[in-house]
Amino acid sequence: MNTATLFKKSGLALLGLVFSASIWAHGGAAGTDTDQCKFELEPNHWIHYTAYQSKTYPGQDFCGSLPALNTLTQLVFDYQDMKYRDMAVEFEVTKEPEGTRVFFEEAKKHKSGTVPLNLPNGVAEKGKYLIHITLLKDDGSRLDAHMGFTAGAGEATSTSTYGLYALFAFAGLYVLYLSSAGFKRQVDGVLNKIKA
């Protein structure tokens, strides 16, 4: 296989990835098995979590890292199993490693399966936090789940975003390679030197 054919096939494969639905799915891949924004309550029973900071970052959702401090923060939890909708659930957010409580909501039932919690001023300090969820069963037993997040790091560009930038840059170079005979000669010359 010659260099131009290899370059062309690589470019087409990368462009195919850009349009693949699973690349754009929440958590980086299709399905809940790779969803980074969930709590496991029991084996194969989950609560999904999403955070919003609509005053500072309208239209964006967050999971493990909240960029802003001292701003309205909404935490939304969705039960993925109907059986949990009849249980009372208690929520707490603590600053770690101290364990200082920054938010608490007493146990109550949420029949819709979606629980929005508003932290009017978000969290005040940069650092690590832990969300504690406790479901109270009718027999008096409890299901506890925990998920950590960080706050106050500012908006960061994710590694997947950098990957997309690199992919688009590669696609642009590929188009230039196909459309410019001079650029094609230079690339082919470099590739031939590498192979030698």
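For the range 91-111, the count of residues that are hydroxyl-bearing (Ser, Thr, Tyr), surrounded by 15 or more Cβ atoms within 10 Å (Cβ to Cβ) and either modelled with pLDDT under 85 or farther than 30 Å from Gly182 by Cβ (or both) is nonzero. Which of the residues belonging to the range 37-67 are more than 18 Å from Leu119 (Cβ to Cβ) and surrounded by 15 or more Cβ atoms within 10 Å (Cβ to Cβ)? Hits for the range 37-67 are Lys38, Leu41, His45, Trp46, His48. Scanning the range 98-115 for residues being within 24 Å of the chain's Cα centre (by Cα) and either in a strand (DSSP E or B) or not assigned by TED's automatic domain parsing to the domain that holds Gly64 (or both) gives a total of 4.
With respect to being touching an Asp or Glu at 6+ places or on another chain (Cβ under 7 Å) and surrounded by fewer than 14 Cβ atoms within 10 Å (Cβ to Cβ), Ala124 falls outside the description.
When Asn118, Asn70 are checked against the criterion of being assigned to a loop (DSSP other than H, G, I, E, B) and surrounded by fewer than 17 Cβ atoms within 10 Å (Cβ to Cβ), a single residue qualifies: Asn70.
Checked against the criterion of being touching a residue at least 60 places away in the same chain (Cβ under 8 Å) and closer than 18 Å to Phe39 by Cβ, the candidates Leu117, Leu143 yield just one match: Leu143. Would you call Ala68 closer than 15 Å to Thr134 by Cα and either of a type in the set (Gly, Ala, Ser) or touching a helix residue (DSSP H, G or I) at 6+ places or on another chain (Cβ under 6 Å) (or both)? Against the criterion (closer than 15 Å to Thr134 by Cα and either of a type in the set (Gly, Ala, Ser) or touching a helix residue (DSSP H, G or I) at 6+ places or on another chain (Cβ under 6 Å) (or both)), Ala68 does not qualify. Does Asp78 qualify as being in contact with a Ser or Thr (Cβ under 6 Å, 6 or more places away or on another chain) and either of a type in the set (Lys, Arg) or under 30 Å from His45 (Cβ atoms) (or both)? Considered against the rule, which asks whether it is in contact with a Ser or Thr (Cβ under 6 Å, 6 or more places away or on another chain) and either of a type in the set (Lys, Arg) or under 30 Å from His45 (Cβ atoms) (or both), Asp78 comes out as yes. Looking only at residues in the range 71-88 that are farther than 30 Å from Gly154 by Cα and among the charged types (D, E, K, R), the one that is nearest to the chain's Cα centre (by Cα) is Asp81.
The values are calculated or read from the model by the stated rules, or taken from the named source; none is laboratory data. No experiment lies behind these values; they were computed from the predicted model shown. All Cβ positions, glycine included, derive from the backbone under ideal geometry; neighbour counts span all protein chains shown.
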